[in-house]
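Below is one structure, written out as structure tokens; the observations come after it.
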Amino acid sequence: MCSCRVSTNYQRCSVDEPLSVAVDRAWYVYMLRCADGTFYTGITTDWQRRESEHNESDRLGARYTRSRRPVQLVWLELQPDRAAACKREYAVKRWTRAAKLKAVSDYTHS
């Protein structure tokens, strides 16, 4: 069972914990730090597979991350469904760099 922390209607999961979600088809909003220091934000149902695709696949990884490897997962947030994940992804992509750095810092220190 995932020992997530609930924060303002969103569940945050530790990247280091083994993850077995009781929710069918849970969706995640994730943020990667690229080798050049930039951030990439996306959604997925399997964050471990998606991180691997970004790092290893020229066909499945995002075009943005292909030239910025290796990438590292630095922030992850559980969402109840795909619609909520898409809305949250849109909001996160609009954050300033400073806001993203703070979110990553808060996430890694909680």
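The values are calculated or read from the model by the stated rules, or taken from the named source; none is laboratory data. Quick caveat: nothing in here was measured; it's all calculated off a predicted structure. Heads up, the Cβs are rebuilt from the backbone with ideal geometry, glycines too, and the neighbour counts pull from every protein chain shown.
Summary of values
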{"quantity": "Cβ-Cβ under 7 Å pairs, at least 6 apart or on other chains, region 39-52 side farther than 10 Å from LEU76 by Cβ, far side acidic (Asp, Glu) and surrounded by 13 or more Cβ atoms within 10 Å (Cβ to Cβ)", "calculated": "THR41/GLU89; GLY42/GLU89; ILE43/GLU89"}
{"quantity": "Qualifying positions in region 65-107 - of a type outside the set (D, E, K, R), touching a strand residue (DSSP E or B) at 6+ places or on another chain (Cβ under 6 Å) and loosely packed, with under 15 Cβ neighbours inside 10 Å", "calculated": "GLN72"}
{"quantity": "Within region 57-83, tally of residues that are in a loop (DSSP other than H, G, I, E, B) and under 18 Å from ASP46 (Cβ atoms)", "calculated": "8"}
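Listed here are the residues, each with its yes/no results for (1) within 12 Å of LEU76 (Cα to Cα); (2) at pLDDT 50 or above; (3) part of a loop (DSSP other than H, G, I, E, B).
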position: CYS2; (1), (2), (3): no, no, yes
position: VAL6; (1), (2), (3): no, no, no
position: ASP16; (1), (2), (3): yes, no, yes
position: ASP24; (1), (2), (3): no, yes, yes
position: ASP36; (1), (2), (3): no, yes, yes
